[in-house]
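Notes to accompany the following structure.
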Amino acid sequence: MREQERIEILRKVSKTVKTFPFLYTALLLLLSPLEAWLSLQWSVVLGLLTFTSLPSVWLCWKLSRAVKLCPWHRAQCFIMLLPLAIPLCRILKPEINILWMWVGIAILLTASLVNAYFVFVKPSVRR
């Protein structure tokens, strides 16, 4: 394999690693309101099919370190775990008001937007 081909492969890997936590968190944020309104059984099914797990967060974090992405990106990798709080709260504390779920979604969205700014926008401003 030529050097140029290797560089192109690494660029594609870096782009995937860089964007995945943001796209995945956006998907989770879109599904969270739906999950909050479904019955407990269906929300568990949706959670099992879509919500992330500790091993996938660990993998994203390790890949982020391997391609030397910034600490804001690594923080976003851990933010992917936070939507798990919604089904966990509904299962462990079913008496919690739905308003707290919306507050959690708003916090997740805000944190993701801040991280996206520092990962994607701020580096291009410095150029």
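Sticking with the crude label model, points 7 Å out along Cα→Cβ, report the distance from Ser39 to Leu81 in nm, one decimal please.
Here the answer is 3.2 nm between the modelled labels.
Over the chain, with every protein chain in place, what whole percent of the accessible area is carbon and sulfur at 1.4 Å, could you tell me?
The value for the chain is 72 percent carbon and sulfur by accessible area.
Can you count the Lys pairs in the chain whose Cα atoms are under 25 Å apart, with each pair 8 or more apart or on different chains?
11
With labels modelled as points extended 7 Å from the Cα through the Cβ direction, what inter-label distance (nm, one decimal) is found for Phe118 paired with Thr50?
Spacing of the two 7 Å Cα→Cβ label points: 2.7 nm.
For region 22-32, take each phi angle, set θ = phi - 60°, evaluate the Karplus expression 6.51 cos²θ - 1.76 cosθ + 1.60, and give the result in whole Hz per residue in order, putting x for glycine and proline.
Couplings: 6, 5, 5, 5, 4, 4, 5, 5, 5, 7, 4 Hz.
Please report, in Å, the Rg and the Dmax of the chain, where both are computed over Cα atoms only.
That works out to 16.9, 60 Å for Rg and Dmax.
Separation between the Ser14 and Val67 pseudo-spin-labels, each 7 Å from Cα along Cα→Cβ, expressed in nm?
Output for this residue pair reads 0.8 nm.
Keeping all protein chains in place, calculate the accessible area per residue for the chain (probe 1.4 angstrom), answer in Å².
Accessible area per residue: 68 Å².
The values are calculated or read from the model by the stated rules, or taken from the named source; none is laboratory data. Source: prediction; values computed, not measured. Quick reminder, even Gly has a Cβ in these numbers, built from the backbone with ideal geometry, and neighbours come from all protein chains shown. What goes into the accessible areas is simple: the full protein's heavy atoms, side chains included, and nothing from ligands, DNA or RNA. Shrake-Rupley method; radii C 1.70, N 1.55, O 1.52, S 1.80 Å.
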